[in-house]
1. Starting from the Cα-Cα distance between residue 106 and residue 132, subtract it from 0.36 nm times their residue separation and give me the gain in nm to one decimal.
2. Distance between Cα centroids, the range 1-79 to the range 135-171: provide it in whole Å.
3. Quick one: grab Rg to one decimal and Dmax as a whole number for the range 26-114, Cα atoms only, in Å.
4. Taking amide H positions as placed in the peptide plane 1.01 Å from N, state which residues far from residue 134 in sequence (5 or more) or on other chains have amide H under 5 Å from it.
5. Pairs 99/144; 42/68; 50/144; 92/126: which exceed 22 Å Cα-Cα?
6. Which of 146, 59 has the fewest other C-beta atoms within 10 Å, and how do the rest follow up to the most?
7. Add +1 for every Lys or Arg and -1 for every Asp or Glu among the other residues with Cβ under 11 Å from the Cβ of residue 77, and state the total.
8. With an 8 Å cut-off on Cα pairs and a minimum separation of 6 or more residues, tell me the relative contact order of the range 1-133 in percent.
Amino acid sequence: MNMFKISNNIFNLGLNAQEISVYTYLCSLPSDTPMIDGDIIKVKQATIAKNCGIKAVQTVSKVITRLKEKGLAEPYTRIIKDNYQKGTYLYKVKKLSVKNRFFSVDRHIFGKLTPNQMMIYLFISKAYSIKLGYCWNSYNDISKQTGMKRETVIKAINELVKAHFIIRSRHKSRDNKKVFVDNHYSIVPFVHLKIKRKTKKLRLSSTQKNNRIKSINSQLYVNNLSTKLLNCQDSFCFSFSIRGSP
């Protein structure tokens, strides 16, 4: 399954862009060891950094520490290799309940967005109305609910539109057609296609064509000659077997 569910309450936790990116990514990973107070997730810090748009691995460690203080995720243990070197971390992640209100996100989004872009992308996914086919939150509204500055919100939205992750459309007021009201946003779905490779046809010159025809004719002659010789050998063997030993 490419889609996974996220609780609407994720925006009530007071998480900044990096924290919500890391926490969402951890929640998207499957757990082989579900527990009463959380799930055990196995993942490298370098993998978290790559999929959350974080440049330094050390930053991931700091973000995990802040998530631990908020009771959302913490290092559970660390695998020790056969050569006694430290390996991959195991994290205990407390996932929010998705029984009541939730929204869905495609896992393919990870590794393609910066933390600021991820914050806005998640918010638009949450605010999106299936009935209407869009959401219409203003810059001020998005800024207030995400805790980001209005300028940062505008920049992130422009980047998402340019990269074709979301679609923005401007709508005019019903009362005054010269005045634009709040923008409408919709999510661009991921399309998963299998692309078949087409064999490339080569154009041959007249000289190359003639040489190729000669080569084919020569090969046909050799094959024909071999067949005749083979038939002769078969006939000879057949006659020899009938005659028997002298």
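1. Values: separation 26, 0.36 × 26 = 9.36 nm, distance 2.02 nm.
So the chain would gain 7.3 nm between residue 106 and residue 132.
2. 24 Å
3. 13.9, 47
4. Under 5 Å from the amide H of residue 134: 129.
5. Values: 99/144 26 Å; 42/68 16 Å; 50/144 28 Å; 92/126 25 Å.
In this structure, 99/144; 50/144; 92/126 lie more than 22 Å apart at Cα.
6. On the way: 146 21, 59 17.
Taking fewest neighbouring Cβ atoms as first place, the list is 59, 146.
7. On the way: positive: 42, 78, 86, 92; negative: 74.
Result for the local shell: +3.
8. Details: 191 pairs, mean separation 47.0, N = 133.
Relative contact order here is 35 percent.
No lab work stands behind these numbers, since they all come straight from the coordinates. In this text the structure is predicted, and so the values were computed from the model without any measurement. Because the Cβ atoms are built from the backbone with ideal geometry, glycine has one as well, and the counts that use them run over all protein chains shown.
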